[in-house]
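Any read-out appearing in this document is the output of simple, stated calculations on the displayed coordinates, not a laboratory observation. Just so it is clear, the model here is predicted, and its values are computed rather than measured. Backbone-built Cβ (ideal geometry, glycine too); neighbour counts: all protein chains shown.
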Amino acid sequence: MEQNRPERDFQPVPSRQSALSTQREPFVPPRQVLDQVDGRFLDPGTALAVKGVRPRSTVYVGPRLIVADTPDSERVIEQLQEVADSLGWVATVHQDTEETEDTEYRGQDGSRDGVPGVVRLDLSVKDDTATLAPDGWVLLQNSRAKYGLAPMRRVGLDHIVLLRSLDSTPFHHSSPFHHSSPASVGASDPVSSYGVPGSGGRQPIGYAGPAPLRRGDGDVTGRRPVVATLDTGCGEHDWLKKAVSRGPDVDGGPIGYVDDATDPEKWFDQVGALDGGIDPLAGHGTFIAGLIHQACPDADIVTWRAVGSDGPIVESDLIKALRGIAKLVRRHRDGEPDGLAIDVFSLSMGYYHETPEDLLFDPTMYDILRLMGDCGVAVICSAGNDATARPMFPAAFAPWADGKGGVPATADTVPIVSVGALNPNGTDALFSNAGPWVRAYAPGAALMSTLPPGFQGGLQPAARSEAYMRVRESIDPDDFSGGFALWSGTSFSAPLFAGKVAARLVDKVDPTADDRSAAVARAWQALTGVTDLKS
């Protein structure tokens, strides 16, 4: 595995905490984040219990469930609706006018256009009824109790999915070892130090070097490798003008968000106090695009926006966006019209499932990513920043090194690759998640990349004066008009690694041989050069 770690004067030893590390719970998002999507926290100590189900903690959209869209889903939905009625609730199928089920091709598994999906059930109180607030977990557990665990296997909570970067806040202390990020509540002080400017937190820097050298189209053999991202989009930056484009629509409808008013790469202060502060995820996608471009200047980068300036995204919306991207990929690889060539897909977000070890785990998201792997796309996922060994998904769908989890690698599909973060000296970053499910590592602490030059927040320099007809001031902590920043997180390890994979595809993509088998073979050849994965 390509880790670029320096030689040390000590011998590594097994962790004394290895038996307990997978039991460590990740942080609970702040109330203001959960409130955006009616989010709730599932506490295993107080959650409604059913024999045979031992849940872990997770966060989810309260009055909602999602059901895998299969030929059997209609029967399952009727059962859920019957149980909801007995609880004084109504379970309504969410109407999505963008889906065209009657006209779409269905695969052998019953999936529309050959791409798996989900049906969303919205829960509400029945008319003239006073009862407890509708809750997806309560409905699911009652349905399991009535009909059994197996019939409800492909029913799940609508999880809240979070982007995996470390945010900074202006209200930090002089010592770096203080909690400095609302996204690290519950973490240790040393872990939280990465959120402080000067210790890895988002901060402006000056860059004096040249832009990455991108060859002209005539100098690249074959088709340029394409790296796609689904994040906060991408803003304007001189480095990225020729390399980055917004991803296309599918079937006449957009993938993710396309409205200008909520674009986090343009309008950086959309939430919180009216203080001009830069939102936690504003610029996230531009930073990611800059990392991919540095690692592979000759790649074309395609971006979609599915997350706001402070997140989060819910699982059903993420699945919908992934379905659209997978449709484009499948059509291209199968030689159909209205497709899009994608070679590497970088995803910097994830969630913790409450029952990942048993048959209660709905694999719909994996099924979509597996289809992309079947079509020769290397899916690269961030491992998470909670300093835990608890598997985070979709990264933990990767083949586990110990063979005890994930999905085993096979020659006919490209496996998911989970990426943890390294410090500048090559050691593992303290915030990075770990375990046998993390299959690769790349730099992810105090990385330099691009931010939209228009980002100039409400903070001011600590001091300003004039001398000899020139303005003198200390560094403005949120003035990114120079276009570059430092930032930390596995959110950035994943796209940097994705760029390295793409770099191994440069001059090797024959556009006349771009079907599934050729793409899978190319991707496997690239991955074997940067990981220890084997089919």
Original post:
For region 44-69, list residues with backbone N below 16 Å from a point placed 7 Å from the Cα of THR131 toward its Cβ?
Top reply: 63-65
Subject >> Rounded Å value of the spacing that divides the Cα centres of region 411-441 and region 250-272 >> reply: 30
**OP:** Note down the nm distance, to one decimal, between modelled labels 7 Å out along Cα→Cβ at GLU82 and at GLN525.
**Re:** 5.6
Original post:
For the chain, what is the percent of antiparallel DSSP beta bridges, rounded to the nearest 5?
Top reply: 65
Original post:
Which FRET efficiency, nearest 0.05, do SER517 and MET448 yield, Cβ-Cβ r, R0 56 Å?
Top reply: 0.90
Original post:
Taking the highest mean first, how do the peptides 307-320, 254-267, 424-437 order by number of other beta carbon atoms within 10 angstrom per residue?
Top reply: 307-320, 424-437, 254-267
**OP:** Arrange the peptides 234-240, 341-347 so that the one whose residues have, on average, the most other Cβ atoms within 10 Å appears first.
**Re:** 341-347, 234-240
Subject >> Dipole of the chain, positive end: most advanced residue of ASN423, HIS159, ILE475 [Cβ charges, Cα centre] >> reply: ASN423
Original post:
When ranked by the protection proxy of mean other Cβ atoms within 10 Å per residue, highest first, what sequence do the peptides 197-204, 290-297 form?
Top reply: 290-297, 197-204
Original post:
Charges only on Cβ, +1 for Lys and Arg, -1 for Asp and Glu: so what's the dipole of the chain about the Cα centre, in debye to the nearest 20?
Top reply: 1680
Original post:
Which FRET efficiency value, to the nearest 0.05, is calculated for LYS242 and LEU459 with the Förster distance at 35 angstrom and r the Cβ-Cβ distance?
Top reply: 0.60
Original post:
Can you pull the Kirkwood radius for the chain, inverse mean 1/r over Cα pairs, to one decimal in Å?
Top reply: 24.0
